[in-house]
Amino acid sequence: MTQNRKNLVGLSREELIQVLDEIGEKPFRAKQLWHWMYHRGLSNFEDMSNLGKPLRAKLIEGFYVGRPEIVQSLKSTDGSRKWLLRLEDGNEIETVMIPDDGRGALCVSSQVGCTLNCDFCNTGTQRLVRNLTTAEIIGQILVARDEMDEWPAGKDGRIFTNIVMMGMGEPLMNFDHVKAALHIAMDGEGIAISCRRITLSTSGVVPMMARAGTEIGVDLAISLHASTDELRDVLVPINKKYPLEILLTACAAYPGARNSRRITMEYVMIKDLNDKPEDAHRLVKLMRQYKIPAKFNLIPFNPWPGTHYECSSNNAVHRFSKILNDEGFSAPIRKPRGRDIMAACGQLKSDSENKKLQDRMAQRLTKEVS
């Protein structure tokens, strides 16, 4: 039971020192705890061997090292993994691991649901419930390391090497908690994932982009998906507030952006909508007009139940990629992953919510019949 106990996960080093000071412990104990929680991945205080018995007793009485509960764990035939996680208040989120040639990126959620209503995104069909806490963001990373048996943090041969803030929700609308969580993830004495291996994806919350560059310092990805305001207004409605001119001007000014550290333009390939040669040529023109050090990530659309969109043909995707490559832009095609485990963002949670709704309806019908 965690009632009346405090979760130590998500606290900064300074906050951890303060908590320990309140129970009469010296600051160096915070460093020891940090090592056990974030380098070794331990959650049981009894296993933290260099902490004396009196301290362990205090910790057991007043604190815990929390993880989200795994509701469902799925593994694809291609090695992708997906977890449906339940938070302490009963809300559910998703976390996805995408392996690629001996390494892998963990796709981390930042909100329960989303408020942006991107038309092609399954999470966009779910209402925004709340922002995740720092502990809930870090907790996803801890669960993935647990499940993949990749403790301690520097273990040889590990697959989990990168983080992408690209799961459920818009990370720049939960800036403070995302910032705090990523600073914990980047700490060299703990989880130790370099800022160069972390990418934050935004749909275009322009006022927060510069702060992300200066205060977090991770790579930036833009959910672009269209080469005109007219289409982007439909696919990514925040474009009505921050149209392409404003968004791309902010991209050009992103702190740290340069040819050796390019901004990734995420582009979901949707049949007969944004996959024509003229769309590719417009993208080239935009990147040059705004002088953005950009690369593209072409993503074949991953259909989900209820969507009216279809994935572009293989020929259309490769033709699109070739146009961008011929113009000097890197434009790899993301290999579809996890289609057998409902890997489209938000799909597993939607399935869970639908099952709960069906159960409630069945129970109501049973009561009415009886």
Out of the residues in segment 186-208 meeting the condition of being touching a residue at least 60 places away in the same chain (Cβ under 8 Å) and assigned to a loop (DSSP other than H, G, I, E, B), tell me which one is surrounded by the most Cβ atoms within 10 Å (Cβ to Cβ). S203
As an exercise: evaluate I270 against (1) closer than 23 Å to I198 by Cα; (2) aliphatic (A, V, I, L, M); (3) touching an Asp or Glu at 6+ places or on another chain (Cβ under 9 Å); (4) touching a residue at least 60 places away in the same chain (Cβ under 8 Å) and give the number of the one condition it does not meet. (1)
Filter segment 23-34 down to the residues that are free of Cβ contacts under 8 Å to residues at least 40 places away in the same chain and not charged (D, E, K, R), then identify the one that is surrounded by the most Cβ atoms within 10 Å (Cβ to Cβ). L33
Hey, R127 out of contact with any Cys (no Cβ under 6 Å at 6 or more places or on another chain), part of a loop (DSSP other than H, G, I, E, B), closer than 26 Å to T307 by Cα and of a type in the set (K, R) or not: yes
Consider L298 carefully, then state whether it is closer than 17 Å to A226 by Cα, over 26 Å from the mean Cα position of the chain (by Cα) and surrounded by 14 or more Cβ atoms within 10 Å (Cβ to Cβ). no
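Quick grid of which residues meet (1) in contact with a helix residue (DSSP H, G or I) (Cβ under 7 Å, 6 or more places away or on another chain); (2) at negative phi:
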{"site": "E92", "(1), (2)": "yes, yes"}
{"site": "C107", "(1), (2)": "no, yes"}
{"site": "I141", "(1), (2)": "yes, yes"}
{"site": "R145", "(1), (2)": "no, yes"}
{"site": "G157", "(1), (2)": "no, no"}
{"site": "N162", "(1), (2)": "yes, yes"}
{"site": "E189", "(1), (2)": "yes, yes"}
Any residue at all in segment 37-50 that's in a loop (DSSP other than H, G, I, E, B), touching a residue at least 12 places away in the same chain (Cβ under 8 Å), among the hydroxyl-bearing types (S, T, Y) and touching a strand residue (DSSP E or B) at 6+ places or on another chain (Cβ under 6 Å)? no
Could you tell me how many of the residues in segment 141-159 are surrounded by 16 or more Cβ atoms within 10 Å (Cβ to Cβ) and of a type in the set (G, A, S)? 2
Name the residue, out of Y254, Y290, that is among the aromatic types (F, W, Y), within 23 Å of the chain's Cα centre (by Cα) and either more than 18 Å from A316 (Cα to Cα) or surrounded by fewer than 18 Cβ atoms within 10 Å (Cβ to Cβ) (or both). Y254
From the list L84, L20, which residue is over 20 Å from A185 (Cα atoms) and either basic (K, R) or free of Cβ contacts under 8 Å to residues at least 60 places away in the same chain (or both)? L20
Out of segment 3-34, which residues are within 14 Å of F45 (Cα to Cα) and part of a loop (DSSP other than H, G, I, E, B)? R5, L8, V9
Could you list all residues from segment 59-86 that are over 20 Å from the mean Cα position of the chain (by Cα) and under 25 Å from Q111 (Cβ atoms)? Y64, V65
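A short reminder: the numbers here are calculations on the coordinates, not readings from a lab. The shown structure was predicted, so the numbers you read here are calculated from the model rather than taken from an experiment. Quick reminder, even Gly has a Cβ in these numbers, built from the backbone with ideal geometry, and neighbours come from all protein chains shown.
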